[in-house]
Amino acid sequence: MSLLQEIDFDKLVVPVLENIAHAVAGWLNGVPQNESSLVNRITQALDSRRFCYGFTYPESRIEIEKYLLDRRGPNSTDLYGSDLAITVEVISPYTHLAKTAFLQAKIGDDQRVTIEGRQVDDALINSFTAKRSFVFAADRMRAGALRFESIATVKSIFPSGQVTAQLSTEEWMPIAPWLYNWLSCSLGEPSDTGDPRAPEKILAAVVDKAENPRVNVEAVLREFDLPDASLPRAWLRYVIYVQGSRD
């Protein structure tokens, strides 16, 4: 399965990359320069409406949805498994494709970044996120260059027994090839849109029930047998409606 069968990568992604570049530049020029502020900037950039039309057929369009799923555990500690989940769905008259990536943001310098072993293990503990989780690092000493790596690969090189580790990002993938490989499904696990446990349906259930004050998020997690730290802090969903046909 490839989402690129239905969308024009260049027309869709070039504006996205431009927006992200401006967002990272703004983040570098401000304070604080932490993970939360970086995610805030990038989420704002990814919510731009200027690339919403004309990327495949002239009448095609994107609907962008943004949700805050931030949760708190005991003593107001953070209770989430990743910083940001990004979903891309492609709906056409003849197909429905979907993928979700769970992203952890890190700040690094000179192609080095510090990773917490607990966050790696939390991402790998359940099938909901295990094959869909990635770390992305912003390198402050290299003009905010973004590099991506899968959580599974990070785990394979993480020193045994250490709580944290400083890892090299030199071999990690820049954002443009990462996006291409992810959208073409060379990276990350695609979703079965007919599966009630597909990540998009679980996240939608959390959003729907979180708006009902009589139902808490923990009830949704129990329903799907998911650990507490399996949800992202925020969810950005792109639903791409492709009109036209292959004829």
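The values are calculated or read from the model by the stated rules, or taken from the named source; none is laboratory data. All values derive from a computational prediction rather than experimental measurement. All Cβ positions, even for glycine, are placed from backbone atoms using ideal geometry, and neighbour counts span all protein chains on display. Surface areas here come from the heavy atoms of the whole protein model, side chains and all, with no ligands, DNA or RNA. Shrake-Rupley method; radii C 1.70, N 1.55, O 1.52, S 1.80 Å.
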Discussion item. Among the listed pairs Lys66/Lys131; Lys66/Lys209; Lys99/Lys201; Lys106/Lys155; Lys11/Lys201, which have their C-alpha atoms separated by more than 18 angstrom in this model?
Written reply: Lys66/Lys131; Lys11/Lys201
Practice prompt. With a point put 7 Å past each Cα toward its Cβ, work out how far Arg197 is from Asn34 in nm, to one decimal.
Written response: 3.6
Item to complete: Just the number, please: carbon plus sulfur as a percent of the accessible area of the chain, 1.4 Å probe, no ligands or DNA/RNA counted.
Response: 49
Worksheet item: Which of the trypsin sites (Lys or Arg not before Pro) across segment 138-242 are loop residues per DSSP, with 12 or fewer other Cβ within 10 Å?
Response: Arg214
Worksheet item: Of the chain, which part is the longest with no GluC sites (Glu not before Pro) in a loop (DSSP not H, G, I, E, B) and with at most 13 other C-beta atoms within 10 angstrom?
Response: 60-169
Worksheet item: From the square roots a ≥ b ≥ c of the eigenvalues of the alpha-carbon gyration tensor of segment 84-143, which class results: rounded (a/c under 1.5), prolate (a/b over b/c), or oblate?
Response: oblate
Worksheet entry | Convex hull volume of segment 92-247 per residue (C-alpha atoms, cubic angstrom) | 147
Item to complete: Could you give the DSSP H helices of the chain that reach 18 angstrom or more along their long axis (alpha carbon positions) and whose average Kyte-Doolittle hydropathy is no lower than -0.5?
Response: 9-28
Worksheet item: For segment 3-49, what is the accessible area per residue in Å², given a 1.4 Å probe and the full set of protein chains?
Response: 50
Response to the item:
Plugging the Cβ-Cβ distance of Arg118 and Ala219 into 1/(1 + (r/R0)^6) at R0 = 35 Å yields, to the nearest 0.05, a FRET efficiency of 0.90
Worksheet item: How much length is gained if the chain between Lys66 and Gln243 is pulled fully straight, taking 0.36 nm per residue apart and subtracting their Cα-Cα distance, in nm to one decimal?
Response: 61.4 nm
